[in-house]
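Peer 1: Quick one: the structure is below, and I'll ask about it shortly.
Nothing in this text is a laboratory measurement; each read-out follows from the coordinates by a stated rule. Predicted, not measured: the structure shown is a model, and the values here were computed from it. Positions of Cβ are backbone-derived with ideal geometry, glycine not excepted, and every protein chain shown enters the neighbour counts.
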Amino acid sequence: MHEPGFFILTALAQQPSHGYGVMRAVSELSGGRVTVRASTLYAALDRLAEDGLITVDREEAIDGRLRRYYRLTDQGASTLEAEVQRLRHNASVAADQLRRRNAVRLAMVGAR
Amino acid sequence: MTGPLARSYRILLLAYPRWYRRERAPEMLTTLLDAAPPGVRRPPVRDVVDLIAGGLRCRLRPPAGVGYRLILAAIALFGALAGLSAAGTWAVPGAPDTDEAVTAAGTAMANEQPHDVAAPTASCGWCPDWRSDAGAPLRRRDFVALAYTPRPADVSVTVQQAGDRLATAGWEVGPVTEDPDAMTVFLTATKDGLALSLTGQTAPVFLDKDLSRPDPAQRPLVLVVTRQATVATAIATVVGLLGGLLAGWLVAAWTLQRFRRHHRALRLAMVATGAPVLLVAVIADLLAANWLLVLTLSGNLSANYLAHAAALLPVAGPPAVAALTTVVALILVTVTIAGQPGPGSELPGPRRGLAPPGRHEA
């Protein structure tokens, strides 16, 4: 799963949100690293909806501005869950290997 | 949602196809305006680029699925071939004057008289109607060919001497090359936009299996004069190829997207009219691939050769007419119901079987 898609799902995990809300949430949740602009956002939303991971929650028209709110589907939630597990596993495996590398280095330094 | 910024964004959104705008434009416009800092009158450059790129991607992307992508590839490639042949037809220099050709040949062959000056002939091995047999209709004239009866001396020597004579007369002459597989020896020379090639056969044909009496007349020395491709030809060829590729891609993507959104009856009609077009396209693609393979293997990939061959690509006649008719029929069917999304619509929206959302007016 590529990063913008991951963060969009994450942004919608707690509660439904509209286009600009999702853009802001993605930026905040990724600590400013991942930003999506409007066209990329909607391309991603199209894809996620096609895969059944998100769906439209409701529409609101305020002052002539139409906002469509999206929410995570159950399938979307479980897909995100699975991705979290995968990333967690990857992270812990790498952390483990790094710990061993450091341990080896310490041992070598100590032996001199 | 008025104001210069909204107007600019609305114009940029035109990059997207109409069916997409119908669904998405109000929402996207809101998001773009929400995201714009207050007081800004013009969209930032990044947005401009993004929206145009996004719109193009939307127009060019086939529906998801390997089948759709294959069809798109076949049609896009066919478009490229059509563009290439159109450019070639327009930009190819054509056959040299017979006089020019005979003069050039005379320089090469000194006092030899050609025993046969073939009228300009077409060369297209797999084009069904194009034969260079006497009496067959000739549709294109791309080179002048002259045939000589070689003296029983070593053919390579004759060819070499011709090359020397041409070089003396100011031609740029390539080396005499022997092709042991084809049992030929040839050289090429160019001057003032003319290209000349001289080919001799090294394998003799013997009369009555009498090994002491080879018959040189059976294997004439062939001299072919063509006009060299110019820079204009090369540019036109590239432009035609890329333009045709893009046009084919756009048409195919548009048609497939429409197909996806039509309901079953129209889909059947589209398949019925589209299948012959696809067949013609695939056959043309395969023939072109074969031709390219032959060219590559024979080492004949000179710009001149390519330009001439590209101009010969259009297979005129009944197949093309049939294809054109079905294309027209296909277009009629695809636009019949202008953009009403059917159950195949892939956008999230009220039609996707949700409880109908209420529109709250705040």
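Peer 1: Go through segment B:245-250 residue by residue and turn each phi into a ³J(HN,Hα) via Karplus (6.51, -1.76, 1.60, θ = phi - 60°); whole Hz please, and just put x for glycine and proline.
Peer 2: Once rounded to whole Hz, the list reads 4, 5, 4, x, 4, 4.
Peer 1: Moving to a separate point now. Would you mind giving the mean number of other chain beta-carbons within 10 Å of the Cβ of each residue in A:63-73, as a whole number?
Peer 2: Working: counts 4, 4, 9, 9, 5, 10, 1, 1, 0, 0, 0.
Taking all residues of A:63-73 together, the mean is 4.
Peer 1: Now a separate question. Alpha carbon centre of segment A:13-81 versus segment B:40-103: separation in Å?
Peer 2: 35
Peer 1: May I pose another question? Need one value for A:50-58: mean number of C-beta atoms belonging to other chains within 10 Å of its residues' C-beta atoms.
Peer 2: That works out to 4 on average.
Peer 1: Another question, if that's okay. Rg and Dmax in Å for segment B:1-83, alpha carbons only: what are they?
Peer 2: In Å, with Rg to one decimal and Dmax whole: 16.4, 50.
Peer 1: May I ask you to evaluate 6.51 cos²θ - 1.76 cosθ + 1.60, the Karplus curve with θ = phi - 60°, for each residue of segment B:165-177 and list the ³J(HN,Hα) values in order in whole Hz, giving x for glycine and proline?
Peer 2: So the J values, rounded to whole Hz, are 5, 5, 4, 4, 7, x, 7, 8, 10, x, x, 6, 10.
Peer 1: Related question: Using only the alpha carbons of chain A, determine the length spanned along each of the three principal axes and report them from longest to shortest in whole angstroms.
Peer 2: Cα extents, longest axis first: 75, 26, 21 Å.
Peer 1: What is the packing order of peptides B:52-58, A:19-25, B:42-48, taking the mean over residues of other C-beta atoms within 10 Å and listing the highest first? Don't skip to the answer; put the middle values down first.
Peer 2: Numbers: B:52-58: 17.0, A:19-25: 20.1, B:42-48: 13.4.
Ranking the peptides B:52-58, A:19-25, B:42-48 by packing returns A:19-25, B:52-58, B:42-48.
Peer 1: Across peptide A:75-81, what mean number of C-beta atoms from other chains lies inside 10 Å of a residue's C-beta?
Peer 2: Rounded to a whole number, the mean comes out at 0.
Peer 1: Here's something else I'd like to know. Can you list residues from other chains, or at least 5 along the same chain, whose modelled amide H is less than 5 Å from the amide H of B:Thr202?
Peer 2: Excluding prolines and chain starts, which carry no amide H, the hits are B:Thr184, B:Val185.
Peer 1: Name the long-range amide H neighbours of A:His18: under 5 Å, sequence gap of 5 or more, or other chain; modelled H, no Pro or chain starts.
Peer 2: A:Tyr70
Peer 1: Are there DSSP H segments in chain A that both extend 20 Å or more along their axis (alpha-carbon positions) and score a mean Kyte-Doolittle hydropathy of at least -1.0? List them, or say none. Before the final figure, lay out the partial values.
Peer 2: Numbers: long enough: A:74-111 (55 Å, -0.43).
Length and hydropathy pass: A:74-111.
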